[in-house]
Amino acid sequence: MQALLDSLTHYSGVIAGQVWGLPAIVLLVGTGIWLTFRLGFVQFRGFRHAWALVTGRYDRRTDPGEVTHFQALSTALSATVGTGNIAGVATAIAFGGPGAVFWMWVTALFGMATKFTSCTLALKYRDIHPDGTVSGGPMYTLANGLGMRRTGMAFAAFALIASFGIGNMVQANSVADGLTYIFPAAKAYALYIGVTLAILVGLVIIGGIKRIARVTSRIVPFMAVAYCAAALLILFLNADRIPDAFATIFNLALNPWAAGGAAIGEAMRYGVARGVFSNEAGLGSAPMAHAAARTKEPVREGLVAMLGPFIDTLVICTMTALVIVIMGAWGEQRPATLSGAALSAFAFEQALGQAGSWVVGFGLMFFAYSTIIAWSYYGDRSAEFLFGSRAVLPYRIVYTVLVVVGAAVPLKLVWNFADIANMFMAIPNLVSLWLLAGVVKKLQAEYFARQPGNHA
């Protein structure tokens, strides 16, 4: 059995390396750059107004939709804040070096324009059912906006597969990984950890988006504040090392004489892959959550959505990365057996003692739990699009069972699987962004022309 797992890990790694080569990097980051210019740097122009929208000033109960702007953002963030910030950053640094962090920043900055575009389109082309429930996302954008239902079905199929990887098994695996670092004896109980997590997931996802939104809007803000407070404490206590940490990141990302050409290539590959995993800009998953927002203005939810990459990658991931670099938990100083969540726990422990590893371990549990339940919604929207509403319950059952599987398989194999599924999911979504960017530009111009600061 071990030989089979080793073989699968090796070959899936080869495939992931090919999938996340230079063409993929150009495709994802290039789309974000093009959209940034096409939409007049919307991530900067609309930044302040986006925060006003999140406060609820523009929420109207009579508008079509199921959840508030804040709940939609919380649900989307719950699918990204967590494993990507704790395990994803650590994995990027472990395999790509600190220079990978720079490419995570690049992905997030331009990814804000990508997410604005995809979520604006999701609102415009969503389906609102007679009972008030909503179905939306890139598959509906492709089908309703471009008449490309088959391409929409391809996206839904890849999203369905990806939900089992990025949204499910990666999360369960990282919970087991983090707990094993805190309690080494927990390694023998990975199966029981998975079963417990699966039961807790099943109790929530059966209630659909409204219950998911209520749970995530409570868990995500609380755990994000707790985790960031611990990271900020470490950075405050080591403030004199922060300039050197930034210098290390920039040097190893851009200086071939310091890092070597191959090392820069690895930094770019892992930085973009983990950056996309962290904030999902370009994948097309978040639009499914944002499509449920209660609003008549597609641009409003697009602006709210673009805060996701900012909060997720430019703020929280940066904190994790700086802690790892400052505490020297990388390169030759990194324990050979540590990567992913355990490496982040090690770095926090170096600064705060055992309390640091507890912050990471328990933070990871709550983050991963919220991510799993949020991604279940993405998967069941995809299942509904492909097979009708009758497929939703069977999907949720299979999804819950795979939580148990994810907790017990090797970390590297799970990450490889997630990387492959992510890229195949992104391609159909990017097609809709290229072809409908003009529609978004028009909607954006009309919205801002109405003086949104006073518009209700």
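Each reported figure results from applying straightforward, stated rules to the coordinates on display, with no laboratory input. Just so it is clear, the model here is predicted, and its values are computed rather than measured. Here the Cβ positions follow ideal geometry from the backbone for every residue, glycine too, while neighbour counts run over all protein chains shown.
Give me the percent relative contact order of region 7-449, please, defined on Cα pairs under 8 angstrom at least 6 residues apart.
37 percent.
Can you classify region 129-177 as rounded, prolate or oblate using the Cα gyration tensor, where a ≥ b ≥ c are the square roots of its eigenvalues, rounded means a/c under 1.5, and otherwise it's prolate if a/b beats b/c and oblate if not? Spell out each step's value before the answer.
Numbers: a/c = 4.55, a/b = 1.90, b/c = 2.40.
Here region 129-177 falls in the oblate category.
Summing +1 for each Lys or Arg and -1 for each Asp or Glu, what net charge is found among the other residues whose Cβ lies under 11 Å from the Cβ of ALA162? The partial results should precede the final answer.
On the way: positive: none; negative: GLU280, ASP419.
Charge balance near ALA162 sits at -2.
Using only DSSP helix segments of four residues or longer, with each worth -39500 (n - 2.57), what per-residue ellipticity at 222 nm results for the chain after dividing by its residue count and rounding to 500? Intermediate results must be reported in sequence, preceding the final value.
On the way: 21 runs with 324 residues, N = 456.
Roughly -23500 deg cm²/dmol at 222 nm, from the helical runs in the chain.
Taking only Cα atoms, what is the 0 to 90° angle, nearest 10, from helix 392-406's long axis to the longest principal axis of the chain?
The helix 392-406 is inclined about 10 degrees to the chain.
Size of the dipole of the chain about the Cα centre, Lys and Arg at +1 and Asp and Glu at -1 on the beta carbon, nothing else charged, in debye to 20?
Details: 30 positive and 20 negative charges, 254 e Å.
Taking the Cα centre of the chain as origin, the dipole is about 1220 debye.
What do you get for the angle between helix 2-19 and the principal long axis of the chain? Use alpha-carbon atoms, 0 to 90 degrees, nearest ten.
60 degrees
Based on Cβ point charges of +1 for Lys and Arg and -1 for Asp and Glu, what charge dipole magnitude is obtained for region 1-114 about its Cα centre, in debye rounded to the nearest 20? Intermediate values should be presented prior to the final figure.
Values: 6 positive and 4 negative charges, 103 e Å.
Its charge dipole is roughly 500 debye.
When only Cα pairs under 8 Å and 6 or more residues apart are kept, what is the percent relative contact order across region 33-151? Walk me through the numbers on the way to the answer.
Working: 79 pairs, mean separation 28.3, N = 119.
It comes to 24 percent, rounded to a whole number.
Mind checking the dipole of region 292-337: about its Cα centre, +1 per Lys or Arg Cβ, -1 per Asp or Glu Cβ, Debye to the nearest 20?
Working: 4 positive and 4 negative charges, 36 e Å.
Approximately 180 debye in magnitude.
Considering all alpha-carbon pairs of the chain, what whole percent are spaced by more than 44 angstrom?
Working: 6702 of 103740 pairs.
Result for the distance tail: 6 percent.
Which of the listed residues, LEU22, PHE346, ALA281, is farthest toward the dipole's positive end in region 7-449, when Lys, Arg count +1 and Asp, Glu count -1 at the beta-carbon?
Final value for the positive-end residue is ALA281.
Would you mind calculating the gained length between ARG214 and ALA229 on full extension (0.36 nm times residue separation, minus the Cα-Cα distance), in nm to one decimal?
Numbers: separation 15, 0.36 × 15 = 5.40 nm, distance 2.36 nm.
Between ARG214 and ALA229, full extension yields an extra 3.0 nm.
How big is the gap, in Å, between the Cα center of region 64-99 and the Cα center of region 165-236?
Their Cα centres are 12 Å away from one another.
On a 0 to 90 degree scale, rounded to 10, what angle separates helix 208-237 from the longest Cα axis of the chain?
Orientation of helix 208-237: about 40 degrees from the principal axis.
For THR196 and PHE44, compute 0.36 nm times the residue count separating them, minus their Cα-Cα distance, and round to one decimal in nm. Before the final figure, lay out each step's value.
Details: separation 152, 0.36 × 152 = 54.72 nm, distance 4.30 nm.
Result: 50.4 nm gained on full extension.
Sort 23-34, 295-306 for me by packing, meaning the mean count of neighbouring Cβ atoms within 10 Å per residue, highest on top.
The densest-packed peptide leads the list: 295-306, 23-34.
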